[in-house]
Amino acid sequence: MVAEALGTAMLLATVVGSGIMAERLAGGNVALALLANTVATAAGLVALILTFGSVSGAHFNPAVTLADASQGGLPWRLVPAYILAQVAGAFVGVAVAHGMFGLAAFTASTHVRAGGSQLFSEFVATFGLLAVIWGCVRQRPSAVPFAVAAYVTAAYWFTASTSFANPAVTLARAATDTFAGIRPADAPGFVAAQLLGAGAATALFRWLVPALPEVAPRVVVEHGEAPIPRPQDPS
């Protein structure tokens, strides 16, 4: 739970902090600001998944946690704690980013992200994220951190919503009136679209790969306590 909370906090500090820095330095060039925000987020995501993956799986995302639990990769009894840790960590990350840039801990966003195209974008973004995770974890689990970051980089640019693809991230970004923000009134729709996208991708891959539950414990990174080596038999 600590790994999930800390990892999600650092992810949000990266997303929001780099957004603030990008907006301040880009001189009004929104494309340049988004590019800087994208690169920082993707780089941070790789590092954080590699750092915390062996402890908790590095979900940092309630949609991923729910999808993983649905296939038996995570016990359902742990799901509420995972999600609580992720959401709490996300808000801590926003407060940390604001603190580093001299802003109030939380400020309701006024950044409007409404409309059917935005919701469809979030469905597509989250569908793609789970598709990448389920597809890669079967054959190349070591590549998942890099595949996820690569997909997030692309989805920042090919989706109209700039790919939140994460309910915890969405809720926390409603508390920042900066480049990365989303108006609180728009957040519930994003969360619903994200959960639907994650569910659709998981259902599809369960059909494409009937043995999917066998690899679910590796999502996003295989985790748990390593077995204690037994001493060699002297005989």
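The values are calculated or read from the model by the stated rules, or taken from the named source; none is laboratory data. Quantities reported herein were computed from a predicted structural model and do not represent experimental measurements. We place every Cβ from the backbone using ideal geometry, glycine too, and count neighbours over all the protein chains shown. These accessible areas exclude ligands, DNA and RNA; they are computed on the full protein's heavy atoms, side chains included. Shrake-Rupley method; radii C 1.70, N 1.55, O 1.52, S 1.80 Å.
When the stretch 101-124 is examined, which residues are found to be in a helix (DSSP H, G or I) and among the charged types (D, E, K, R)? Give the steps one after another, and end with the answer.
Kept after step one, since they are in a helix (DSSP H, G or I), are these residues of the stretch 101-124: 116-124.
Selection gives 122 alone.
Residue 220 versus (1) at pLDDT 95 or above; (2) in contact with a Gly (Cβ under 9 Å, 6 or more places away or on another chain): which is the lone unmet condition?
Answer for residue 220: the failing condition is (1).
Is there any pair linking a residue in the stretch 106-126 that is under 22 Å from residue 17 (Cα atoms) and among the β-branched types (Val, Ile, Thr) to one that is open to solvent by less than 40 Å² (accessible area, probe 1.4 Å) and part of a helix (DSSP H, G or I), with Cβ under 8 Å and at least six apart or on different chains, and which?
Qualifying pairs under 8 Å: 107/98; 112/186.
Can you name the number of the only condition in (1) buried (at least 19 other Cβ atoms within 10 Å of the Cβ); (2) free of Cβ contacts under 8 Å to residues at least 60 places away in the same chain; (3) within 16 Å of residue 130 (Cα to Cα) that residue 203 fails?
That leaves (1) as the condition not met.
Checking the condition surrounded by fewer than 21 Cβ atoms within 10 Å (Cβ to Cβ) and closer than 23 Å to residue 87 by Cβ, which residue from 147, 125, 168, 108 passes?
108
Go through the stretch 11-59 residue by residue and tally those that are closer than 22 Å to residue 143 by Cβ and open to solvent by 40 Å² or more (accessible area, probe 1.4 Å).
Result for the stretch 11-59: 7.
If you take the residues of the stretch 132-144 that are open to solvent by 20 Å² or more (accessible area, probe 1.4 Å) and not basic (Lys, Arg), which of them is farthest from residue 165 (Cα to Cα)?
Within the stretch 132-144, the match that is farthest from residue 165 (Cα to Cα) is 139.
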